[in-house]
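Worksheet: the structure to be examined is printed underneath.
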Amino acid sequence: MSSHGTTRPYLKGNLSYRAAKVAAESYFAGIREEIGNSHVQIVDIRPAIVNTPENARVLDTEEKRGLVVKPEAIGVWIAESIGKKDLPTWKLF
């Protein structure tokens, strides 16, 4: 799982987080190359900010809370994708 943060270098305080998530993206791409056309598919989930207890302090308004990704939405997409062929290499949430 990487993040929308990898495409937003202008976010202040995001430097080390972004670097770690870019490394994850590169790792997933490497795995895809190594496994080739096997029955295993690697999808990089790239959520924006996720509505978790840990993020409560930054989600201090209704407007901000309305913009977040709910963990359940990611889980539903994963569950619905099981067994499907030709999944995307990455999925934004």
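The values are calculated or read from the model by the stated rules, or taken from the named source; none is laboratory data. Note that the structure is a prediction, hence the values are computed from the model and not measured. FYI the Cβ positions are ideal-geometry reconstructions off the backbone, even for glycines, and counts take in every protein chain you see. Each accessible area value is taken on the protein alone, full model and side chains, heavy atoms only, with ligands, DNA and RNA left out. Shrake-Rupley method; radii C 1.70, N 1.55, O 1.52, S 1.80 Å.
So the values come out like this:
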| read-out | value |
| --- | --- |
| Rounded if a/c under 1.5, otherwise prolate or oblate - the range 17-56, Cα gyration tensor axes | oblate |
| Distance between the range 59-93 and the range 1-54 - C-alpha centres, whole angstrom | 14 |
| For the chain: rounded, prolate or oblate by the Cα gyration tensor [a/c cutoff 1.5] | oblate |
| Accessible surface ranking that places the most exposed of Asp44, Asp86 first, with a 1.4 angstrom probe | Asp86, Asp44 |
| Value of relative contact order over the chain, rounded to a whole percent, pairs C-alpha under 8 Å and six or more apart | 32 |
| Top positive-direction residue, dipole computed over the chain with Cβ charges, set Leu87, Met1, Ala56 | Ala56 |
| 0 to 90° range, to nearest 10: angle between helix 71-81 axis and the chain longest Cα axis | 20 |
| With Cα atoms, 0 to 90° folded angle of helix 15-35 axis to the chain main axis | 20 |
| The chain, helix-only ellipticity at 222 nm - DSSP H runs n ≥ 4, -39,500 (n - 2.57), divided by all residues, nearest 500 | -13000 deg cm²/dmol |
| Net dipole in debye of the chain [+1 Lys, Arg Cβ; -1 Asp, Glu Cβ; about Cα centre; nearest 20] | 200 |
| Average accessible area per residue (Å²) across the range 1-88 - probe 1.4 Å, nucleic acids and ligands excluded | 73 |
| The chain, accessible surface, carbon-and-sulfur percent (1.4 angstrom probe) | 58 |
